[in-house]
Each structure stands twice: as structure tokens, then as C-alpha cells.
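Inspection log for the structure reproduced underneath, given as C-alpha cells.
No value in this document is a laboratory result; all are computed from the given coordinates. Since this is a predicted model, take the numbers as computed values, not measurements. With ideal geometry, Cβ positions are generated from the backbone for all residues, glycine too; neighbour counts draw on all protein chains shown.
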Amino acid sequence: MSDFDLFKTSEEHEELREAVRSVAEDKIAPHAAEVDEKSAFPQDALDALTATDFHAAHISEDYEGMGADALATCIIIEEVARVCASSSLIPAVNKLGTMPLILGASEDVKRRYLTPVARGEAMFSYGLSEREAGSDTASMRTQATPKGDDWVLNGQKSWITNAGVSEYYTVLAVTDPEGKRGSNISAFVVHADDAGFSLGEPERKLGIKGSPTRELFFDDMLIPGDRIIGAPGEGLKIALRTLDHTRVTIGAQAVGIAQGALDHAVAYVKERKQFGKSVADFQGIQFMLADMAMKLETARQMVYVAAAKSERGDEDLPFYGAAAKCYASDAAMEITTDAVQLLGGAGYVKDFPLERMMRDAKITQIYEGTNQIQRMVMARQLLK
Ligand SMILES: Cc1cc2nc3c(=O)[nH]c(=O)nc-3n(C[C@H](O)[C@H](O)[C@H](O)COP(=O)(O)OP(=O)(O)OC[C@H]3O[C@@H](n4cnc5c(N)ncnc54)[C@H](O)[C@@H]3O)c2cc1C
């Protein structure tokens, strides 16, 4: 392999892109507007992604998964997000929910939970945030108290993606209230049918309306001791290492949303005529398109480099994961806003997907750590 081959995606990755794009355009895109309009879970997308093994492709072949590398997983999420951001949260959150297990769980826990997710029998969510502990995760109040070999879980989690459709949840809880901040938290697997588990009403959101976001409540829930992920006290470290990897996938989601918006905008300006010619013929429009495409390609390159670092487990992944997510999400917000502008009035109404894409892009600047928090992560690594 020459050095130059490192700067392009492999043939396998591009074949995967084509396969995902075909599923996304045929099976997911036709439902995207309705899923958004009705705030309905995209069941057609789940069915199509499960049938093609794209629903949790990151899980290794050891657990009956496809064993997709980090870049391949990004390409899947990107191509689904290009047509429907809500649906792209199926593969993205399956990765987010299971990554703590992949990074930190015993072989027994991995086998028990990764296999059903890989088979498409269950989905997995991730419960870190709480009402009073968003950016400041270490201040969480949910507690798990030891009871013999088991634990009793009490508390709540907020804004949990795919809550109610997932069977399993990674939940972080304080297990040593007197212990050192950040080292007193453990991670557990919670089942949707555990006694004492309940859900809040679905949040009414600006975007990604097809992806349910709900609170989780734990009321004296007995969690068997063999459901802990890693050792007691390791939970928050595992949860934050998870985010180093999965922020890259949010970057991929942002790239996909932005690509969808740019594709629609390019097609529209070529068709739309004003002053006797296509609006694409005006230099002011051409400069906007060039800027959008330039930002998008920069974001994509950053995401792919970060994905390679995630795959290799490079030491500077925290910087790259945060930078890729932050840059790509800011770019997606700018590109989708400009795409609405390029369609004029048509951009603002629901007959076209641009206003949905602009609303969907906003969340990528907020979840898995706001972009202010990404800058803190980057600075921490720079100043180390
Ligand atoms: C649709 C949706 C889905 C989500 N899905 C999940 C999920 O599946 N699992 C999960 O665990 N969480 C999830 N979240 C939660 C999300 O990760 C948090 O909302 C996010 O981390 C921010 O926390 P917060 O909302 O409490 O904001 P806050 O922490 O209250 O922040 C408010 C503002 O202050 C800024 N700020 C905070 N601290 C600092 C600082 N030190 N320096 C500078 N600025 C700062 C923030 O950037 C923000 O602008 C989801 C949220 C949404 C809206």
C-alpha cells in the first residue's frame, strides 16, 4: 500500500456505502417525512436495517455481528442520516449503548447482551445524563446500593435516546457516595422488563422526532450482581471512553445530514428559474454552494481520520473524536441553514426536506457532550 492509499477510502468501504445508500433511498427515505411529522418511531427503517445487518454492524463476529470497523460504521450512519437522521440513531445508539460492554465488560456479559443485539432481537440505549447532571456527569445522583451479591438501583436518567424501544440500557449510578468524585460510579445493564423500571412521556422535540427521547426511572430495582459492566468504580471512566469512540459516529451523522441538504440544494438551484435563468447560474449562489461543499468535505475527512484513530485506539482519540464531532456538527448546522436559504420559500415549508434537515442538524451540536464540552476535551488533551 502506498502512502497515498491512506488518503482514500478502500474499495470495500465504498461498496458498503453503495449498499447502504440503496437501502436508505429505497426503504428509509420514503418514510422520513412521515416519521418526522408524526413523531413516530421509524419501524420500516429498523426492519430494513436489521434485514441487511446494518442495525448494529459494529458488533464483532465473535458475537454474531458483522464486525464492521469504526469507519464502516460511520459510513453506515452517514448514509442513513443523509435521508433520515432519526433512523440513523438506530445504528448510532446501538453502538453507544453497547460500547461500554465492548470496552469494559466480562466475556460473559458481552456474550449475553451483544449477541441478541447483533441478531436484531434487541436494541441497546445509553443512560448517563440526568436532569441535574448533563455536562457535569460526575454529579449524578442515581445510586446503586449493594445488597448481598446484587444491587438496588434508585434514581432517574434524562433525555435517553430510543428509550421505550430498546430492551437493554447501560445505566451509570453512584455506588460509593463517600468515594472520590468520578471514581465512585459503576455501570450496569438494565432490562426494560425489570421490576421497578418505568419511562417518562416522550419528549416533544425540535428535530430527530422519529427517535424517541424519554426519561428512565428506577424505583428500588434489584440488579443481579452479574450485570455490572467492569469493576465497581470504573463506570464513569468506561462511559467517557465510550464517548471518545461514539462522538465520531455523531460526526458521521452530522456529515450525512449535511450531505443530504447539499444534494437537495444543488438539484433545486439547477431547476429553479428566476430572472430568465437557473438560480445556479448566479455567482452568489455558486459561492455559497462551494463554501458548503468545502466545509462538508473538511468535516468528512476529520470524521474518517477520527474513525481510524478509534479503530486503532490511538492515544489522541479524545482530541480527534471531540474535534470531529464539534467541527462536523457546526458545519452541518451552517450547511443545512444555507440549504434552506438556497431554496427560498420552498426551503421553509414541509413539502421539501430541508427544514427537517436543519432542525435535525441542531441536536448534533448538543448530544454526546455539547460543543462547549468538546472544546474542553480538546483543550485538556492539548494542555496535558
Ligand atoms: C434529543 C436528545 C437525546 C439525548 N440522548 C441521550 C442519551 O441517549 N443518553 C444520555 O445519557 N444523554 C442523552 N442526551 C443528553 C445530552 O447528552 C445532554 O443534554 C448534554 O450533554 C448537555 O447536558 P444538559 O442538557 O444538562 O446541558 P447543561 O450541562 O445544563 O449545559 C447548558 C449550557 O451550558 C454549557 N456548559 C455547561 N458546562 C459548561 C462549561 N464547563 N463550560 C462552558 N459551557 C458549559 C453547555 O454547553 C450548554 O450550552 C440527549 C439529549 C437530547 C436533547
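So the values come out like this:
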| item | result |
| --- | --- |
| Cut-off 12 Å between beta-carbons: net charge of the residues surrounding GLY230, Lys and Arg +1, Asp and Glu -1 | +3 |
| Per-pair calculated FRET efficiency, R0 = 22 Å: ALA19 and SER60 via Cβ, rounded to 0.05 | 0.65 |
| log10 of Debye I(q)/I(0), alpha-carbon scatterers only, for the range 1-157 at 0.10, 0.13 Å⁻¹ | -0.46, -0.74 |
| Stokes-Einstein translational diffusion, the range 215-317 - Kirkwood Rh over all Cα pairs, 1.002 mPa s, 20 °C, in µm²/s | 120 µm²/s |
| Residue among ALA252, ALA231, ILE28 farthest towards the positive dipole end of the chain, charges placed on Cβ | ALA252 |
| Burial order of peptide ranges 36-43, 159-166 (average beta-carbon count within 10 Å, highest first) | 159-166, 36-43 |
| Pairwise label distance in nanometres, GLU121 with LEU199, each label 7 Å out on the Cα-Cβ vector | 2.1 nm |
| Under the Debye formula (equal points on every Cα, no solvent term), log10 I(q)/I(0) of the chain at q = 0.07, 0.12, 0.15 Å⁻¹ | -0.31, -0.88, -1.34 |
| Relative contact order %, the range 28-142, counting alpha carbon pairs below 8 Å whose residues are six or more apart | 23 percent |
| The range 276-370, relative contact order [Cα under 8 Å, separation at least 6], % | 23 percent |
| Extension gain, ASP150 back to ALA40 (0.36 nm per residue minus Cα-Cα distance, nm) | 35.9 nm |
| Lysines with Cα under 23 Å of LYS95, excluding same-chain neighbours fewer than 8 positions away | LYS27, LYS110, LYS157, LYS205, LYS209, LYS237, LYS309, LYS325, LYS362 |
| Cβ-placed point charges (K, R +1; D, E -1), dipole of the chain about Cα centre in debye, nearest 20 | 1200 debye |
| Label point distance in nm, SER278-ASP136, each placed 7 Å from Cα along Cα→Cβ | 5.5 nm |
| The range 266-317: C-alpha pair distances exceeding 16 Å, % | 57 percent |
| Relative packing of peptides 347-358, 121-132, 69-80, 270-281 - highest average C-beta neighbours within 10 Å first | 69-80, 121-132, 347-358, 270-281 |
| Paramagnetic reach from THR50 (point 7 Å along Cα→Cβ, amide N under 17 Å) across the range 102-129 | 113-125 |
| Under 24 Å from the Cα of LYS270 - lysines, other chains or at least 8 residues apart | LYS295, LYS350 |
| Burial ranking of peptide ranges 199-208, 84-93, 149-158, 104-113 (average Cβ count within 10 Å, highest at the top) | 84-93, 149-158, 104-113, 199-208 |
| Compactness relative to 2.2 N^0.38 Å, alpha carbon Rg of the range 99-230 | 1.02 |
| The range 28-89: Rg to Rh, with Rh as the Kirkwood radius over Cα pairs | 1.02 |
